[in-house]
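The values are calculated or read from the model by the stated rules, or taken from the named source; none is laboratory data. As the structure is a prediction and not an experimental result, all values here were calculated from the model. Here the Cβ positions follow ideal geometry from the backbone for every residue, glycine too, while neighbour counts run over all protein chains shown. Please note that ligands, DNA and RNA were not included when accessible areas were found on the heavy atoms of the full protein model with its side chains. Shrake-Rupley method; radii C 1.70, N 1.55, O 1.52, S 1.80 Å.
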Amino acid sequence: MALKRKHYYQPTPVKWRKLGDALLGVSTTITSYAIYERWTWVAITALITGVVGKFLTNFFTEDPVSE
């Protein structure tokens, strides 16, 4: 498994895609509740964590890409 910038557009392994989707789903739920309760800092933190986590999972690939 490799983590490199040029791997961003390569297919993401299933386990990393599931992790990214789960992280984004949980952060969306937390963000929605925090907005409802007017906890701005919690909403911003959860939103950033979910988006960055989902974005970072796209850098993983199973197969080495030829350089």
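Points to keep in mind about this one:
- Output for region 1-58, where each listed residue is among the aromatic types (Phe, Trp, Tyr) and under 14 Å from the mean Cα position of the chain (by Cα): TYR8, TRP16, PHE55
- Across region 21-49, the qualifying residues are those that are among the small types (Gly, Ala, Ser) and open to solvent by 50 Å² or more (accessible area, probe 1.4 Å), and the one among them that is farthest from PHE60 (Cα to Cα) is SER32.
- If the condition is being part of a helix (DSSP H, G or I) and either exposed (fewer than 14 other Cβ atoms within 10 Å of the Cβ) or of a type in the set (Ser, Thr, Tyr) (or both), then region 8-20 contributes VAL14, LYS15, LYS18.
Conditions (1) of a type outside the set (Asp, Glu); (2) modelled with pLDDT under 95; (3) over 25 Å from PRO13 (Cβ atoms), marked per residue:
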position	(1), (2), (3)
ILE30	yes, no, yes
TYR33	yes, no, yes
TRP41	yes, no, yes
THR49	yes, yes, no
LYS54	yes, yes, no
PHE59	yes, yes, no
GLU62	no, yes, no
GLU67	no, yes, no
